[in-house]
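The structure appears below as structure tokens.
The values are calculated or read from the model by the stated rules, or taken from the named source; none is laboratory data. Just so it is clear, the model here is predicted, and its values are computed rather than measured. All Cβ positions, glycine included, derive from the backbone under ideal geometry; neighbour counts span all protein chains shown.
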Amino acid sequence: MFLRPDYNIESIYDLDIYELKMRKIKALFFDLDSTLMKSKSGKFSFQTLQFLNDLKTNFKLAIITNNKNKDYIDTARAQIDIPIYSNAKKPNPQIIYDVCCDFNIEPKEAAMIGDRPLSDILAGIRAQSLTVLVDSISKNDENFLVRFVRYLERLTIDK
């Protein structure tokens, strides 16, 4: 089985806002950990915060994480005015449905943006939302085993 995300991009900054608007996307759901943060500190870079604030002018935004570290989540929440849905079990399209319900939109009007094809992207596909695969921005900070697992996951992607 091949997973086919709608887009493969190197970083969140490569998102094509015009293309997303043409596809009538109203909301963007980001994976928190490696997609938005370079470290496990819970702190966003200035560039990421600025980018997310710029996106808020065109889209509803949510962040989804399965990280259960309360301090990490609290640190992230203190920096942004974007809802963070934590303790989501991934892959699980239910969290996407829940966020869509909160935003009063259909899943087809949302894009799931993550770095893990077997969790973030599969959840988006199952929820019938647009999916965007982002190469991890924390690649240099990840240990060998994590990088190897992600490499194996990416072998299932038909580019």
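Descriptive notes on the structure:
- For region 52-70, the tally of residues that are assigned to a helix (DSSP H, G or I) and crowded, with 17+ Cβ neighbours inside 10 Å stands at 2.
- Checked against the criterion of being outside any strand (DSSP E or B), of a type outside the set (G, A, S) and surrounded by 13 or more Cβ atoms within 10 Å (Cβ to Cβ), the candidates K21, K38 yield just one match: K38.
- Residue match in region 29-37 (condition: on the phi > 0 side of the Ramachandran plot and either modelled with pLDDT of 90 or more or out of contact with any Phe, Trp or Tyr (no Cβ under 6 Å at 6 or more places or on another chain) (or both)): no
- Taken as a whole, the structure leaves I82 outside the set of residues that are under 27 Å from T156 (Cβ atoms) and crowded, with 17+ Cβ neighbours inside 10 Å.
- Among the residues of region 86-99, those that are under 10 Å from A127 (Cα atoms) and modelled with pLDDT of 90 or more comprise P93, Q94, I95, I96, Y97.
- The number of residues in region 102-133 that are of a type in the set (A, V, I, L, M), buried (at least 21 other Cβ atoms within 10 Å of the Cβ) and assigned to a helix (DSSP H, G or I) comes to 3.
- Among residues of region 81-101 being assigned to a helix (DSSP H, G or I), touching a strand residue (DSSP E or B) at 6+ places or on another chain (Cβ under 8 Å) and free of Cβ contacts under 8 Å to residues at least 40 places away in the same chain, the one that is farthest from D33 (Cα to Cα) is D98.
- If the condition is being touching an Asp or Glu at 6+ places or on another chain (Cβ under 9 Å) and under 17 Å from K26 (Cα atoms), then region 62-87 contributes A62, I63, I64, P83.
- Test for K43: is it surrounded by fewer than 18 Cβ atoms within 10 Å (Cβ to Cβ), among the basic types (K, R) and in a helix (DSSP H, G or I): no
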